[in-house]
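Take a look at the structure below.
The values are calculated or read from the model by the stated rules, or taken from the named source; none is laboratory data. From a predicted model like this one, the values you see are computed outputs, not experimental measurements. Reconstructed Cβ throughout: ideal geometry from the backbone, glycine too, with neighbour counts over all protein chains shown. We work out accessible area using only protein heavy atoms, side chains counted, and drop any ligands, DNA or RNA first. Shrake-Rupley method; radii C 1.70, N 1.55, O 1.52, S 1.80 Å.
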Amino acid sequence: MKLAGEIRSSGVRVTLVVHEHERLGRGIELAMLAEELKASDFGLEFLTGELKGSHDPSGIVFTVLAAMSGMEREHIRDRTLEGHESARKRGKTIGGAGVTDEDMLSMALHLRDQEMILRDIAKRLIITTGAKKGQHPSPATVMRVLREHDDQAAAVSAS
C-alpha cells in the first residue's frame, strides 16, 4: 500500500490486482481495506472467482463481499468447533501426538535449572517415540511442557 501510495502521488492511476477476494481478508479487515483503497483513490481488480474483473472498492459489491466473508469465517469456525466436540465425544484427541515423556521433562527441568535457554534445551532433547522419533522437540514444545509442569506444581503447592 505504501509503494502504491507513492506511485499514486506522482499522478499515475493505481489498481490493486488480487488473485481472488479471499486473499484480501474477511469481514472488518476487508471493510477497513476498502476504506483505505477508497481514500487513496486506488482501483481494485480480481483475477479469478465470483468477482472476477474491476471493482470500485467503495461500492456495494465490496461491502456485501466483506459482510459475506465475515459470515463465512464464523461459519467455518463454528463447524470446526462442532467437529472437535464430536471427536472428543467419540474419544478422539485433538492435535498432534505428544512427543514428550517424563524423562524428557526431567532433563528439560535439569537444563533449565542450569539457566540454559529454550532453544538450547530443545537441541539437547530427543523424541523417543512416534513419527518424530529421533528428532528434537521445538522450543515452543519445550516451553509448553515446562509451563504445564510449573502450573501443576503451583496448583499442588497452593492446595
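Considering only the other residues whose Cβ falls under 14 Å of the Cβ of Val156, what net charge follows from Lys and Arg at +1 and Asp and Glu at -1?
Neighbourhood net charge equals -3.
Quick one: angle between helix 139-158 and the longest Cα principal axis of the chain, in degrees between 0 and 90, rounded to 10, please.
60
If you average the sequence gap of Cα pairs under 8 Å that are 6 or more apart and divide by the length of the stretch 71-141, what percent do you get for the contact order?
Reported as a whole number, the value is 22 percent.
Kirkwood Rh and Cα-based Rg: tell me the resulting Rg over Rh for the chain, rounded to two decimals.
1.21
Show log10 I(q)/I(0) for the stretch 95-144 at q = 0.13, 0.21 Å⁻¹, two decimals, from a solvent-free Debye sum over equal Cα scatterers.
Here log10 of I(q) over I(0) equals -0.25, -0.66.
Rounded to a whole number, what % of the accessible area of the chain do carbon and sulfur atoms account for, probe 1.4 Å?
Carbon and sulfur atoms account for 54 percent of the accessible area of the chain.
Once both labels are modelled 7 Å past Cα along the beta-carbon direction, what's the Asp78-Asp41 spacing in nm?
Simple spin-label model gives 4.3 nm for this pair.
Round to the nearest 10 and give me the degree value, 0 to 90, for the angle of helix 60-89's Cα axis relative to the longest principal axis of the chain.
Taking Cα atoms only, the helix is inclined about 20 degrees.
What is the angle, in °, between the Cα long axis of helix 27-40 and the longest principal axis of the Cα atoms in the chain? Nearest 10 is fine, range 0 to 90.
It works out to around 40 degrees.
Express in Å², to the nearest 10, the accessible area of Thr128 obtained by rolling a 1.4 Å probe over the protein heavy atoms while all chains stay in place.
Taking all protein chains as shown, Thr128 has close to 70 Å².
Per 0.36 nm of contour for each residue apart, how much would the distance between Leu16 and Val64 grow if the chain were fully extended, relative to their Cα-Cα spacing?
Using 0.36 nm per residue and subtracting the Cα-Cα distance, I get 15.4 nm.
Can you give the Kirkwood hydrodynamic radius of the stretch 67-159 from its Cα pairs, in Å with one decimal?
About 15.9 Å, per the Kirkwood formula over Cα pairs.
Keeping every protein chain in place, order Ser9, Ser138 by accessible area at 1.4 Å, biggest value first, i.e. largest first.
Result, largest first: Ser9, Ser138.
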